[in-house]
Amino acid sequence: MSAAPPDDALAVRCRGVTKEFGANGALTRALRGVDLDVPYGELLMLVGPSGCGKTTLVSIVAGTLDPTAGDVVVLGQDLVAMGNGRKVKFRRDNVGFVFQQFNLLPALTAAENAAVPLLIAGWKRAAAVEAACGVLDRLGLGDRLANLPSELSGGQQQRVAIARALVHEPRLLVCDEPTSALDAENGRITMELIQQVAVQPGRAVIVVTHDARVYSFADRIASMEDGRIDAVEVRSSSGPRAGAGP
Amino acid sequence: MFWIAWKMLVGNRAKYLGIVFGVVFAALLIAQQASIFCGLMSLTVSQIRDVEGPDIWVMDKNVQFVDDIKPLSDTELFRVKSVPGVAWAVRFYKGLGRARLQEGTYEQMILLGLDDATLVGAPQRMIVGSIADLQKPDAVIMDDAGYKRIWPGEAFRIGRIFEMNDRRAVVVGITRASRTFQSFPICYTRYSRAVQFAPPERKVLSFVLAEPEAGVSAAEACRRIEGSTGLQALTRDQFIWKTLRYYMAKTGIPVNFGITVLLGFLVGTAIAGQTFYLFTVENIRQFGALKAMGTSNWMILGMVLGQALQVGLVGYGTGVGLAALFGFASRTFTRLSFFMPWQVLAITAAAVFVIVLVASLVSIRKVIVVEPAIVFRG
C-alpha cells in the first residue's frame, strides 16, 4: 500500500462520520464512524449491499446531508462548520451530480438541461446554453441538442446528465448509481465518458454503484458494510494522478 | 431560473391547463357574477342618472330610495324655490300607471311627469320625434325597450294611442332610456298630464328637482333646503348611493350574488390549489435536484411564486376576458344587466391573487422542506 497522501492532496477527508436517522426507539444508524480519503485525480467507487450507507455517505460528502458527528472536509472546506447558505453556494460552485434516475427536467431540451448549473450560477441563458452545447458535443450529443429527454434513449439521457454535472467544471463529481438504469453497453460507455472527461488532476470523482461490471473503471474501490468501510481496494496501477491539489 | 420555472410549468400541458382552468373558472365566475350584480344595482338608480341637469333632489324626509314615493303637496315647490342659494326648482312626478292598449290588453308603465314649462328631466337620446312634441295635447314619449315590449316586432311609429286612467295618450316620440329595475316601459309626459294619468291622490308631487345658484355647492344648498323646509334634500350622487345602499341592505340580492362569488372563489381555490400541489409533488425530485445543484430556498420560493403568478395572470386575463365577452354577447340577445366597472376587475384580481397565493403556499412548504438528498434515493 502506498503512503497516505498529504491533506492538501485530498479532495475529500472524512473522519469518524456517523449519521443517525429517527429518534429514540426508532433510531437508525446509517453510518458508524466512517473514515475516508479521496485524493484529487481519483475515481473512487463506493460499493456494498443495499442499506449499507453508501448513499448516505455520498450525500454527506456532497453537502446535501449533515452528519450526526465526525469531520467532513471537502475541497479544503469544513462542511460540518458550514452554514446552510454557504453549503448551497459550495454545492453550486464545486459539486457536480449524476443521478441514478438522471433527474433531467422533462420540459427542457438536452442543451437547456445541461445548462442548468450555469443558470443557477447566474449566467445569461444564451451563454449558458452555448457552453452546454460545447460539453454535449464533446460527449457525442452534438446532434441531439434540441431534443427533449423523452426523445432520448437512456444512455443519451445519462450523457446529458454527465454534461450537466460537468458544465460548470466542478472539482468534485458525485455519481449515484450512474449505470443502474442502463444496459451493459450504455453502462460501459457512460463509465468510459466519466473516466475520460471527468477524471482530471484537479477533480475527484466518487461513484456509488452496485454494478460489478464497471468496477474496472475505478482507481480505488471502498467496500461498505453496515455503515462502515470494510476494505479499500486499489485497482489502478498508476494510483492517484500526479499534479493533484487545489 | 424563472425561465426554468416557466418551462417546468408549461411543459406538462395537462397539469398546466388544469391549474389555469381553476383560476379561469374562479375569475370568470367572480367577474361575471359581480358584473351582473353591478348591472342589477345600476338598474336601481338608472332613473336618477337619466335625469340630467338638476343637481338636487328634494323629497319627503322618509323616502329611502328612488321608487319609495311619498308624495308632497304642490306648495313644497314654492318653499324650495324660496330657499336662499337655490337658483331654480321644478316639479317632477314619478309613479306607476296602467295603460289600456287598443288591443284591449293592459300594461304597467313607469310614468314620469316633467315640468310643463321647462321639461327638465326630459330624455336626451330621442330616436323618433322630438322633446318639444310633449307640448302637444295628450302627448307621451316612450322608451324604445318599452315600445318593443308592448308591440314586439313592430317598427317604431308615432301616433299610437292608448289610455291611462281613462285619459287618451298619444305616442309622439320614442327615446332611448336606461333600463329600470322593474323593467316596465317608461312613459314621459308633462307633469300636468301625468297627474291626470295617475290614480287620483290628494298629494301628487313626487320630487322637486333643483339647482343651486352659482357659488353655492349642491351640498350646501341641500343643507339650506333641509333646514328651511324639513324636507329631505340630496345631491344626485347622494340619492344614487342612498338608493344603492337601500337595495344592498334591505334586499337579498347582495347575499345571493355573494354566495355565488364565494362558491366560485372556493371551487377555484380548490381546483387550482389541488392541481398546483399535484404538479409540485410530481416535480419534487426536479426541485430536489435543483436544490442539490445549488439552488437556494429563496430561489425555489421565487420559482414557485413565479409559477403561481404566471398561472394567476393567464387565468385572470382569460377569466375576466370571458366574462367581458359574455357580457358583451348577452347584450344582443338577452335582457341580462351587465356592468363591469374597474372595481370588479380589481376585486377579481385580488381574489385571483389570494387563490394563487393559497394554492402556492401548500406547494411552497413542500418544496422548501424537501431535502436535496432526496435525489440520491432511487
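The values are calculated or read from the model by the stated rules, or taken from the named source; none is laboratory data. From a predicted model like this one, the values you see are computed outputs, not experimental measurements. For neighbour counting, all protein chains shown are included, and Cβ atoms are generated from backbone atoms with ideal geometry for every residue, glycine included.
Tell me which of these A:A110 doesn't satisfy, since it passes every other one: (1) touching a strand residue (DSSP E or B) at 6+ places or on another chain (Cβ under 9 Å); (2) crowded, with 24+ Cβ neighbours inside 10 Å.
The single condition A:A110 does not satisfy is (1).
Out of the stretch B:63-109, which residues are polar (S, T, N, Q) and in contact (Cβ under 8 Å) with a residue 24 or more places away in the chain? Reasoning before the result, please.
Of the residues in the stretch B:63-109, the ones polar (S, T, N, Q) are B:64, B:73, B:75, B:82, B:102, B:105, B:108.
The answer is B:Q64, B:S73, B:S82, B:Q102, B:Q108.
Residues are listed down the side, and each one gets a yes or a no for (1) closer than 15 Å to B:L205 by Cβ; (2) out of contact with any helix residue (DSSP H, G or I) (no Cβ under 6 Å at 6 or more places or on another chain):
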| position | (1), (2) |
| --- | --- |
| B:G11 | no, yes |
| B:Q32 | no, no |
| B:I69 | yes, yes |
| B:E76 | yes, yes |
| B:F92 | yes, yes |
| B:Q108 | no, yes |
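Quick test for you: out of A:A131, A:A126, A:A163, pick the one residue that is surrounded by 24 or more Cβ atoms within 10 Å (Cβ to Cβ), of a type in the set (G, A, S) and more than 10 Å from chain B (Cβ to nearest Cβ). Give the steps one after another, and end with the answer.
Values: A:A131 fails: surrounded by 24 or more Cβ atoms within 10 Å (Cβ to Cβ); A:A126 fails: surrounded by 24 or more Cβ atoms within 10 Å (Cβ to Cβ).
Of A:A131, A:A126, A:A163, the one residue that is surrounded by 24 or more Cβ atoms within 10 Å (Cβ to Cβ), of a type in the set (G, A, S) and more than 10 Å from chain B (Cβ to nearest Cβ) is A:A163.
Starting from the stretch A:8-27, keep only residues that are without any contact (Cβ under 8 Å) to a residue 40 or more places away in the chain, then list their pairs with residues that are assigned to a strand (DSSP E or B) whose Cβ atoms are within a distance under 7 Å, requiring at least 6 positions of separation or different chains.
A:F21/A:T28; A:F21/A:A30; A:G22/A:T28; A:L27/A:E20
Which residues, counting only those in the stretch A:78-92, are more than 9 Å from chain B (Cβ to nearest Cβ) and of a type in the set (A, V, I, L, M)?
Result: A:L79, A:V80, A:A81, A:M82.
Yes/no matrix, rows are residues, columns are (1) at pLDDT below 85; (2) closer than 25 Å to B:A249 by Cβ:
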site	(1), (2)
B:M41	no, yes
B:I48	no, yes
B:G53	yes, no
B:V66	no, yes
B:R79	no, no
B:F92	no, no
B:L96	no, yes
B:E107	no, no
B:D115	no, no
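Here is a check on your reading of the model: is A:P178 crowded, with 19+ Cβ neighbours inside 10 Å, in a loop (DSSP other than H, G, I, E, B) and either among the charged types (D, E, K, R) or at pLDDT below 80 (or both)?
no
Among the residues of the stretch A:37-50, is there at least one that is within 12 Å of chain B (Cβ to nearest Cβ) and either outside any strand (DSSP E or B) or free of Cβ contacts under 8 Å to residues at least 12 places away in the same chain (or both)? Working first, answer last.
Going residue by residue through the stretch A:37-50, those that are within 12 Å of chain B (Cβ to nearest Cβ) are A:46, A:50.
Then drop every residue that is not either outside any strand (DSSP E or B) or free of Cβ contacts under 8 Å to residues at least 12 places away in the same chain (or both), which leaves A:50.
Checked against the condition, which is being within 12 Å of chain B (Cβ to nearest Cβ) and either outside any strand (DSSP E or B) or free of Cβ contacts under 8 Å to residues at least 12 places away in the same chain (or both), the stretch A:37-50 yields at least one hit.
Of the conditions (1) surrounded by 18 or more Cβ atoms within 10 Å (Cβ to Cβ); (2) aliphatic (A, V, I, L, M); (3) farther than 23 Å from A:A198 by Cα, A:L46 clears all except one; give me its number.
Against the list (1) surrounded by 18 or more Cβ atoms within 10 Å (Cβ to Cβ); (2) aliphatic (A, V, I, L, M); (3) farther than 23 Å from A:A198 by Cα, A:L46 comes up short only on (3).
Check whether at least one residue in the stretch B:181-192 is of a type in the set (G, A, S), more than 21 Å from B:T44 (Cα to Cα) and free of Cβ contacts under 8 Å to residues at least 40 places away in the same chain, and report yes or no.
Quick first cut of the stretch B:181-192, residues of a type in the set (G, A, S) only: B:183, B:192.
Imposing the further condition that a residue be more than 21 Å from B:T44 (Cα to Cα) reduces the set to B:192.
Checking which are free of Cβ contacts under 8 Å to residues at least 40 places away in the same chain leaves us with none.
No.
Could you list, in sequence order, all residues of the stretch B:151-199 that are part of a strand (DSSP E or B) and among the hydrophobic types (A, V, I, L, M, F, W, C)? Before you say what the answer is, go through the steps one by one.
Filtering the stretch B:151-199 for residues part of a strand (DSSP E or B) gives B:161-164, B:167-176, B:186-190.
Of everything in the stretch B:151-199, those that are part of a strand (DSSP E or B) and among the hydrophobic types (A, V, I, L, M, F, W, C) turn out to be B:I161, B:F162, B:M164, B:A169, B:V170, B:V171, B:V172, B:I174, B:I186, B:C187.
Does A:A181 fit the bill of being in contact (Cβ under 8 Å) with a residue 60 or more places away in the chain, within 18 Å of A:G155 (Cα to Cα) and under 15 Å from the mean Cα position of the chain (by Cα)?
Working: in contact (Cβ under 8 Å) with a residue 60 or more places away in the chain: yes; within 18 Å of A:G155 (Cα to Cα): yes; under 15 Å from the mean Cα position of the chain (by Cα): no.
In short, no.
Which of the residues spanning the stretch A:194-213 are closer than 19 Å to A:G96 by Cα, modelled with pLDDT of 80 or more and part of a helix (DSSP H, G or I)?
Once the filter is applied, which keeps residues that are closer than 19 Å to A:G96 by Cα, modelled with pLDDT of 80 or more and part of a helix (DSSP H, G or I), the stretch A:194-213 yields A:I194, A:Q195.
I need a count of the residues in the stretch A:78-93 that are polar (S, T, N, Q) and modelled with pLDDT of 90 or more.
Filtering the stretch A:78-93 for residues polar (S, T, N, Q) gives A:84.
If we keep only those that are modelled with pLDDT of 90 or more too, we end up with none.
Counting residues in the stretch A:78-93 that are polar (S, T, N, Q) and modelled with pLDDT of 90 or more gives 0.
Determine, yes or no, whether A:R171 is free of Cβ contacts under 8 Å to residues at least 40 places away in the same chain, over 25 Å from B:N12 (Cα atoms), surrounded by fewer than 24 Cβ atoms within 10 Å (Cβ to Cβ) and basic (K, R).
In short, no.
Looking at B:D144, B:D115, which one is surrounded by 13 or more Cβ atoms within 10 Å (Cβ to Cβ), more than 16 Å from B:S192 (Cα to Cα) and touching a residue at least 12 places away in the same chain (Cβ under 8 Å)? Explain how you work it out, then say what you get.
Values: B:D115 fails: more than 16 Å from B:S192 (Cα to Cα).
Exactly one residue qualifies, and that residue is B:D144.
For the stretch B:64-79, state whether one or more residues are under 26 Å from the mean Cα position of the chain (by Cα) and either of a type in the set (S, T, N, Q) or in a strand (DSSP E or B) (or both).
The answer is yes, given that some residue of the stretch B:64-79 is under 26 Å from the mean Cα position of the chain (by Cα) and either of a type in the set (S, T, N, Q) or in a strand (DSSP E or B) (or both).
So if I check each of B:L301, B:L305, B:L290, B:L309, which one is more than 30 Å from A:L65 (Cβ to Cβ), of a type outside the set (S, T, N, Q) and either modelled with pLDDT of 85 or more or assigned by TED's automatic domain parsing to the domain that holds B:Y16 (or both)? Let's see the steps before the verdict.
Working: B:L301 fails: more than 30 Å from A:L65 (Cβ to Cβ); B:L305 fails: more than 30 Å from A:L65 (Cβ to Cβ); B:L290 fails: more than 30 Å from A:L65 (Cβ to Cβ).
Just a single option satisfies the conditions, and that option is B:L309.
May I ask you to verify whether A:L145 is touching a Cys at 6+ places or on another chain (Cβ under 6 Å) and either modelled with pLDDT under 90 or more than 12 Å from chain B (Cβ to nearest Cβ) (or both)?
Working: touching a Cys at 6+ places or on another chain (Cβ under 6 Å): yes; either modelled with pLDDT under 90 or more than 12 Å from chain B (Cβ to nearest Cβ) (or both): yes.
Answer is yes for this residue.
For residues in the stretch A:93-116 being facing chain B (nearest Cβ under 7 Å) and over 21 Å from A:V207 (Cα atoms), which is farthest from the chain's Cα centre (by Cα)?
That would be A:A107.
Is one or more of the residues making up the stretch B:26-34 crowded, with 19+ Cβ neighbours inside 10 Å and over 30 Å from B:V311 (Cα atoms)?
Looking only at the stretch B:26-34, we keep the residues that are crowded, with 19+ Cβ neighbours inside 10 Å, and these are B:26-34.
Still in the list and also over 30 Å from B:V311 (Cα atoms): none.
No - not one qualifying residue is present in the stretch B:26-34.
Just to check your reading of the model, which residue among A:G187, A:G227, A:G155 is of a type outside the set (K, R) and at positive phi? Give the derivation first.
Details: A:G187 fails: at positive phi; A:G155 fails: at positive phi.
Step by step, each of A:G187, A:G227, A:G155 is checked, and only A:G227 is of a type outside the set (K, R) and at positive phi.
Would you mind telling me which numbered condition in (1) within 17 Å of B:P185 (Cβ to Cβ); (2) crowded, with 17+ Cβ neighbours inside 10 Å; (3) hydrophobic (A, V, I, L, M, F, W, C) B:V83 fails?
Of the numbered conditions (1) within 17 Å of B:P185 (Cβ to Cβ); (2) crowded, with 17+ Cβ neighbours inside 10 Å; (3) hydrophobic (A, V, I, L, M, F, W, C), the odd one out for B:V83 is (1).
Could you check the stretch B:280-378 for helices (runs of 4 or more DSSP H) lying wholly inside it with 3 or more residues that are away from chain A (no Cβ under 13 Å) and surrounded by 18 or more Cβ atoms within 10 Å (Cβ to Cβ)?
Working: elements: B:284-292, B:297-333, B:342-369.
Passing ranges, in order: B:297-333, B:342-369.
Cβ contacts < 7 Å: first residue without any contact (Cβ under 8 Å) to a residue 60 or more places away in the chain and part of a helix (DSSP H, G or I), restricted to the stretch A:143-156; second residue surrounded by 16 or more Cβ atoms within 10 Å (Cβ to Cβ) and charged (D, E, K, R), any location; separation 6+ or different chain. Result?
Partner pairs satisfying both residue conditions: A:Q156/A:R144.
Please count how many residues of the stretch A:61-77 are facing chain B (nearest Cβ under 8 Å) and among the aliphatic types (A, V, I, L, M).
Initial filter on the stretch A:61-77 (facing chain B (nearest Cβ under 8 Å)): A:62, A:64-65.
Filter once more, so that each one left must be among the aliphatic types (A, V, I, L, M): A:62, A:65.
Total meeting the criteria: 2.
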